Amino acid sequence: MSLSRRKFIKAGAVTAVSASLSLSLADTIVGQTPGQSPKRAASQLGFPDESQLQSTFYLVRDSFSPYLNTVFTVCPVGAADVDVKLVEVGDTMSAATKKSAAVVDARQHSFSLMFYSPRKNALSQGTYTIKHDALGTFALFVVPVDISKRGQYYEAIINRLS
């Protein structure tokens, strides 16, 4: 098949227009205005105002550490409240990642909470309203992770990107 010069130039022009159009749309899709630096655009991409109204937005690792071995109340919808004890505030990062000095702030926003409850109060996986005398009321996604003859353990992972 022979390609004429006219068809070649026409195909090249269509390709160039398509490429430039898709690149300009990419800026619009990620919320940049034309000519705006990517660094400035990224700084404008903050957390939604609604999420900043949630109390969990302000709760970091150090918020929970002083309350180890204290009682938190889980409030399932349509069922009796369940008291659980916070038994561990753990890391979610690998040992290699922890060595970096830049990780100190990230550790405040990426951690796990381990709760314990007697077996009779078993909860299923789900998002629950949690109440604590000092920390207030907030929502957490809780997962049953370990069961023993003595009771049930539940874990909540907080991984907030900053």
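Details
- Loop-located chymotrypsin sites (Phe, Trp or Tyr not before Pro) in region 58-87 (DSSP state not H, G, I, E or B) with no more than 16 neighbouring Cβ atoms inside 10 Å: Tyr58.
- Given their separation in residues at 0.36 nm each and the Cα-Cα distance between them, Cys75 and Val145 gain 23.3 nm when the chain is fully extended.
Rule-based calculations on the coordinates, nothing more; no lab input. Being a predicted model, the structure only gives us computed values, none of them experimental. Neighbour counts are summed over all protein chains in view; Cβ atoms, including those assigned to glycine, are modelled from backbone coordinates with ideal geometry.
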